[in-house]
Amino acid sequence: MSLRILAAPLLLAICLTNLAAAQESDGDQTAAAETPAAAEQPPAEDAKPAAEENPAEEKPAAEKPAEEKPAAEEKPAAEKPAAEDEKTVASPEEVKKLQAVFDQRVKEWRKATQEFWAEVNEFHTAGGDVKFSEQIRWAERESATRDAMQAAFLAASDLVFADHENRDARTFMAQSILYHAQNDWYEGLKDAALAMLEVGIKDVQLNVIAGVAAAATGDFEVAKENLKLTPAEGDEGLLKVARRMNFMLDPLQEAWEKEQKIRQAEAEADDLPRVLLKTTRGDVLVELFENEAPNTVASFISLVEDGFYSNVPFYQVVEHEFAQTGDRDGDGSGTADYRVRDEATGERGIFRGSLVLAKIPNPNAAHNPDVPGTIPDTGSSQFLITLLPFNPDYKELCCFGRVISGMGAISTLNRAKVEKEKDAPVVLPDSIIEAEVVRKRDHEYKPETLPY
């Protein structure tokens, strides 16, 4: 059962119920029901990626852990109750204010969408040296459009909690929830799904989405309450993820609490290196864990400063798992012509938005559970940005940083893979346009390397 099929009853239950009333709305009201995916151009359903490929031994890729799960910080639009018997009661004045905010956010999103498509037209008509600058402007405009859509999404969530019968907000929410879940865009998704449950919609698919999103963003009590309702049947999309995650919530919560203490200390010191990745989906700012992985960070920073990551594709993007880049050739075999020794494996948990150094899979692991899943000391230039957390028990990979802003851009990358299925449509990968070190400590970043 795919996520699209899973969500179909939800869309029908809400959209059809409000169809007659929505048809009577004026232009501004019906605009709120437009699909927010318009500006994002999500991949076609038949272009949806399958499971991770099994690259040849010489191709650096990440060993897919037995279980992956999410966790990352989110900024909820407002404090929301999880239980049905704790329904929000808002005064007419509060509802009126929330309605005004929602209307304004939708208006801003529509304006941003129009400006984005104007930029797209400029890009397609540009040529020569102008093409590259237009590509960057396109990425910046798309990022602004996505931010506007997210603001409307959060405003709709607040409004639905306060005014359960608001048809515009409910219709907008139904379509937005589906789009966010399909694209692994979990920030704000937990509250949106809980809002729909709060208004009385009884649909276990909402519990699945709320549970996965809650675990992805560090709210494990809400995750436990909702993931226990995951259906036993169905083995695709978030259903499969939800069942795996449900069995690892306790160790994941323990690892997340440890991670929060480390991040608090890092925030107080405020001196970790940072790199800005300008991608075809917008800017992504990452912070690097130099305290635990100094040599890996030195390698990454030196490659960024050498321009290695300019115009490098996200050649493999697997839904509910990770985005992989760092191969200039885009076929999974590219390296920096050197290796680095394994470092800090298992010292930092791998959560949503983690940067993980890719290694060559061990071909013997499939036949012998006692051997490592990856070949030691084979990390180079390739790395993953995780969409969902990995099993805390999986400690073979080095987590050397995390995304601190821009996960919306990573979530909406085109789902691409190296090995194409027969007759499968070609999905052009997104890419890092350029990378820039925006902060580092006052010393030379020169890695110790091993020959390839």
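The values are calculated or read from the model by the stated rules, or taken from the named source; none is laboratory data. Worth saying up front: this structure is predicted, and the values here are computed from it rather than measured. So basically every Cβ, Gly included, is an ideal-geometry build from the backbone, and we count neighbours across all protein chains shown. Side chains are part of the model used for accessible areas, which takes the heavy atoms of the whole protein and leaves out ligands, DNA and RNA. Shrake-Rupley method; radii C 1.70, N 1.55, O 1.52, S 1.80 Å.
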Next on the checklist: Cβ-Cβ distance below 8 Å, separation of 6 or more or different chains: which pairs start in region 437-448 with a residue that is closer than 9 Å to V275 by Cα and end on one that is open to solvent by 80 Å² or more (accessible area, probe 1.4 Å)?
Outcome noted: V437/E305
Checklist entry - Picking from V275, V286, which residue would you name as being in contact with a Phe, Trp or Tyr (Cβ under 8 Å, 6 or more places away or on another chain), open to solvent by less than 10 Å² (accessible area, probe 1.4 Å), β-branched (V, I, T) and in contact (Cβ under 8 Å) with a residue 12 or more places away in the chain? => result V275
Checklist entry - How many of the residues making up region 336-374 are open to solvent by 20 Å² or more (accessible area, probe 1.4 Å), polar (S, T, N, Q) and within 28 Å of E257 (Cβ to Cβ)? => result 1
Item to check | Output for region 316-331, where each listed residue is open to solvent by 10 Å² or more (accessible area, probe 1.4 Å), in contact (Cβ under 8 Å) with a residue 12 or more places away in the chain and out of contact with any Leu (no Cβ under 8 Å at 6 or more places or on another chain) | outcome: R328, G330, D331
Checklist outcome for this item: Taking region 188-219 and the residues there that are outside any helix (DSSP H, G or I) and small (G, A, S), the one that is least open to solvent (accessible area, probe 1.4 Å) would be G188
Next on the checklist: I need a count of the residues in region 276-315 that are among the β-branched types (V, I, T) and within 17 Å of A358 (Cβ to Cβ).
Outcome noted: 5
Next on the checklist: With the structure loaded, tell me whether K261 is free of Cβ contacts under 8 Å to residues at least 24 places away in the same chain, among the basic types (K, R) and open to solvent by 10 Å² or more (accessible area, probe 1.4 Å) or whether it fails that test.
Outcome noted: yes
Checklist entry - Taking the condition in contact with a helix residue (DSSP H, G or I) (Cβ under 9 Å, 6 or more places away or on another chain) and surrounded by fewer than 24 Cβ atoms within 10 Å (Cβ to Cβ), does N391 pass? => result yes
Checklist outcome for this item: Filter region 430-443 for residues that are part of a loop (DSSP other than H, G, I, E, B) and open to solvent by less than 60 Å² (accessible area, probe 1.4 Å); the one that is nearest to I301 (Cα to Cα) is R441
Next on the checklist: Residue under question is T325, and the condition is that it be out of contact with any helix residue (DSSP H, G or I) (no Cβ under 6 Å at 6 or more places or on another chain), more than 21 Å from T412 (Cα to Cα) and among the β-branched types (V, I, T); does it hold?
Outcome noted: no
Next on the checklist: So, in region 158-187, how many residues would count as being assigned to a loop (DSSP other than H, G, I, E, B) and surrounded by fewer than 24 Cβ atoms within 10 Å (Cβ to Cβ)?
Outcome noted: 6
Next on the checklist: Quick check on my filter: what residues within region 221-242 are crowded, with 18+ Cβ neighbours inside 10 Å, at pLDDT below 95 and either among the basic types (K, R) or under 18 Å from P389 (Cα atoms) (or both)?
Outcome noted: G237, L238, L239, V241, A242
Checklist entry - Across region 305-314, what is the number of residues that are open to solvent by 10 Å² or more (accessible area, probe 1.4 Å) and under 25 Å from the mean Cα position of the chain (by Cα)? => result 4
